[in-house]
Amino acid sequence: MARTTIAEGFHVLPGMGNCLAAETDAGMVIVDGGPVGVAPKMIDHLRGITDIPVHAICYSHGHNSYNAGMGAWLEHAAERGDPPPRLVAHVNILDRYSRYRETHQLQARMAAVQFPGRKGVPIAALDDAFLHIDPTETFEDHMLLVEGSRPVEAYWAPSETDDSLALWFPTDGLLYGGPATPADSIPNVGTPLRTQRFTIRWADTLDRLAALGAETLVTEFGPVVSGAEMVRERLTMTAEAMRWLRAEVVDRMNRGMSEAEVLADMSYPAELFDHPWMAPTYGCADYIVRDLYREENGWWDRNPTTLHPSPPDEAASEILSALGDPVAVLNRAKELAADGQTQLALHVIDLVALAPGDDPVVAEARAVKAEMCRVRSEEVEPFVSKSCYRSSARLLDQGHTSWQDLP
């Protein structure tokens, strides 16, 4: 068994990210029960470390899978003759779970696109992955979860979600930051397939956590951050960068710029963004810019054509018929791609590739666009963008352009 003890009485279980397990006077306090297929392995790992009963399991946040395997923990406690563990979460998780149950198929469809793996994941394969077992206890801002020689405090830490929590162990100076402190990536505000995450609220959370004065920070993923100065720098500098983004986007919005114009005009200073924990590996600054714009604007992109659009197939058919020579458009897109201008090539190829039907030039345009998407997936850094390009390529390979046709 790999060593996963990070300090005396603190362990990381191999779950969905860093699932913290802490020994307390009341029993084990654990963060997240893990996905359905992973929870039993987490239990086995824990029992290879200690036989202490599980007192509480805290939901780090309400995203699908993180606690879908909670049933295995409840069964484990019953088999041992232990009382069922307290299931603790922020109160907002109840509304999130209700919304997820209502939009189950949408959630599975988005997950199939965002986490496709090498060969793609059929939507049906995700049907049983998103189980939602409601917590037995909730809190609003702060909860003293455990007293004794190792007290445990839970804090509301709105960030990636509005139901995120952080755990603070004051006698140990150890902070579990949860989704508020992702791995070595800029906070994933504004990712393409997610609801708004409110940049300044996240920055406020980071400042609140920094004020605790932790000496050790356990992030949601990635290595533990050690040393009070390193922890403080990571939290406060991330918050500073997020506030800088807000100010810069607001300035451009006030000057009348559209979202696309704001994005084209932005540049990101190295002193704020050139740090290992600000790398665009999952989130990226462009995503945050778009989310900030969305906070203050409606859905309209400022192009009057998009106010009351025609049906997509009809519009694409008329565009194709107006081109005169769609082959010339296709060839121009290929030229741009060959010249390394993949994104520009995608804009051009869409004039043909979005048209309905099985006309040979349209079919070829879809195939060319699929290859461009694969190339583009290698050109961008954020994981989510890579996944969206790759999933789109798979859909195009099958001759489709609508998510209704996802397998």
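The criterion of being within 27 Å of D44 (Cα to Cα) and at pLDDT 90 or above does not hold for R96. In segment 219-229, the condition of being among the hydrophobic types (A, V, I, L, M, F, W, C) and under 26 Å from Q107 (Cα atoms) is met by at least one residue. So, in segment 312-326, exactly how many residues are within 37 Å of the chain's Cα centre (by Cα) and small (G, A, S)? Of the residues in that region, 3 qualify. With respect to the conditions (1) under 19 Å from the mean Cα position of the chain (by Cα); (2) more than 26 Å from E160 (Cβ to Cβ), A77 lacks only one, and its number is (1). Kindly check whether there is at least one residue in segment 166-184 that is more than 24 Å from T4 (Cα to Cα) and buried (at least 19 other Cβ atoms within 10 Å of the Cβ). No - not one qualifying residue is present in segment 166-184. Taking segment 193-214 as the range and being part of a loop (DSSP other than H, G, I, E, B) and aliphatic (A, V, I, L, M) as the test, the residues that pass are L193, A211, L212, A214. In segment 129-165, what residues are surrounded by fewer than 22 Cβ atoms within 10 Å (Cβ to Cβ) and within 20 Å of the chain's Cα centre (by Cα)? Hits for segment 129-165 are A129, F130, L131, H132, W156, P158, D162.
Within segment 215-271, restricting attention to residues that are part of a loop (DSSP other than H, G, I, E, B) and aromatic (F, W, Y), the residue that is farthest from G15 (Cα to Cα) is Y268. In summary, S385 fulfils each of the numbered conditions (1) modelled with pLDDT under 95; (2) surrounded by 20 or more Cβ atoms within 10 Å (Cβ to Cβ); (3) small (G, A, S) with the single exception of condition (1). Within segment 267-285, the residues that satisfy the criterion of being buried (at least 16 other Cβ atoms within 10 Å of the Cβ) and either in contact with an Asp or Glu (Cβ under 7 Å, 6 or more places away or on another chain) or within 24 Å of S377 (Cβ to Cβ) (or both) are Y268, L272, F273, W277, M278, A279, P280, T281, Y282, G283, C284, A285.
Determine, yes or no, whether G340 is modelled with pLDDT of 95 or more, at positive phi and either acidic (D, E) or not in a helix (DSSP H, G or I) (or both).
In short, yes.
The values are calculated or read from the model by the stated rules, or taken from the named source; none is laboratory data. The shown structure was predicted, so the numbers you read here are calculated from the model rather than taken from an experiment. Reconstructed Cβ throughout: ideal geometry from the backbone, glycine too, with neighbour counts over all protein chains shown.
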